[in-house]
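J.: Got a structure for you, written out below as structure tokens; questions coming shortly.
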């Protein structure tokens, strides 16, 4: 059984396996260090799915989901900041998942929750089509 720290969280960005000729789907993950479970924050829907974009929060998901091709650690945060992450994510305009994720991370930078330049690190996977 893994031990985890309930007073802290890790933020990751996961890249899902691309399907049906579409771009890879990106998901923000929030987990306690050492836990195998996390909460997913992401945008679902959009023109490719013929439905409006919608913000989704999925709790008690697998941190190492088989659809994830890669995962990047973004930052550790105190547990008190978890609700702020969700509030920030809800304010970012809905759009395709890659740009939405970069904008959420940029907003976290501006709020001092993650280091400046973190969102720029996500531009490389975007350019490479991950």
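The values are calculated or read from the model by the stated rules, or taken from the named source; none is laboratory data. It should be emphasised that the depicted structure is a prediction, and the values quoted were computed from it without experimental measurement. Here Cβ is always computed from backbone atoms with ideal geometry, including for glycine, and neighbour counts include all displayed protein chains.
J.: Can you tell me how many residues in segment 71-129 are touching a residue at least 40 places away in the same chain (Cβ under 8 Å) and within 30 Å of residue 51 (Cβ to Cβ)?
T.: Residues that pass the stated criteria total 20.
J.: What is the residue count in segment 93-121 for residues that are buried (at least 20 other Cβ atoms within 10 Å of the Cβ) and in a loop (DSSP other than H, G, I, E, B)?
T.: So the count comes out to 1.
J.: Same structure, new question: Given the condition over 14 Å from the mean Cα position of the chain (by Cα) and modelled with pLDDT of 95 or more, answer yes or no: does some residue in segment 97-106 qualify?
T.: If we filter segment 97-106 for residues that are over 14 Å from the mean Cα position of the chain (by Cα), which is where we start, we get none.
There is no residue in segment 97-106 that is over 14 Å from the mean Cα position of the chain (by Cα) and modelled with pLDDT of 95 or more.
J.: Count, please, the residues in segment 60-86 that happen to be in contact with a helix residue (DSSP H, G or I) (Cβ under 8 Å, 6 or more places away or on another chain) and either surrounded by 15 or more Cβ atoms within 10 Å (Cβ to Cβ) or farther than 17 Å from residue 14 by Cβ (or both).
T.: Let us first name the residues in segment 60-86 that are in contact with a helix residue (DSSP H, G or I) (Cβ under 8 Å, 6 or more places away or on another chain), namely 70, 72, 74-75, 77, 85.
In the following step, the residues that additionally are either surrounded by 15 or more Cβ atoms within 10 Å (Cβ to Cβ) or farther than 17 Å from residue 14 by Cβ (or both) were identified as 72, 74-75, 77, 85.
Of the residues in segment 60-86, 5 are in contact with a helix residue (DSSP H, G or I) (Cβ under 8 Å, 6 or more places away or on another chain) and either surrounded by 15 or more Cβ atoms within 10 Å (Cβ to Cβ) or farther than 17 Å from residue 14 by Cβ (or both).
J.: Of everything in segment 87-117, what is touching a helix residue (DSSP H, G or I) at 6+ places or on another chain (Cβ under 6 Å) and over 18 Å from residue 12 (Cβ atoms)? Give them in sequence order.
T.: Listed by number, the list holds a single entry, 116.
J.: Restricting attention to segment 51-71, which residues are assigned to a strand (DSSP E or B) and under 16 Å from residue 35 (Cβ atoms)?
T.: Residues satisfying the conditions are 58, 59, 60, 61, 62, 68, 71.
J.: Another one. Regarding residue 74, is this residue part of a strand (DSSP E or B) and under 13 Å from the mean Cα position of the chain (by Cα)?
T.: Values: part of a strand (DSSP E or B): yes; under 13 Å from the mean Cα position of the chain (by Cα): yes.
It is true that residue 74 is part of a strand (DSSP E or B) and under 13 Å from the mean Cα position of the chain (by Cα).
J.: Further, regarding this structure: Out of the residues in segment 19-53 that are touching a residue at least 60 places away in the same chain (Cβ under 8 Å) and more than 19 Å from residue 85 (Cα to Cα), which is surrounded by the fewest Cβ atoms within 10 Å (Cβ to Cβ)?
T.: Top of the filtered list is 23.
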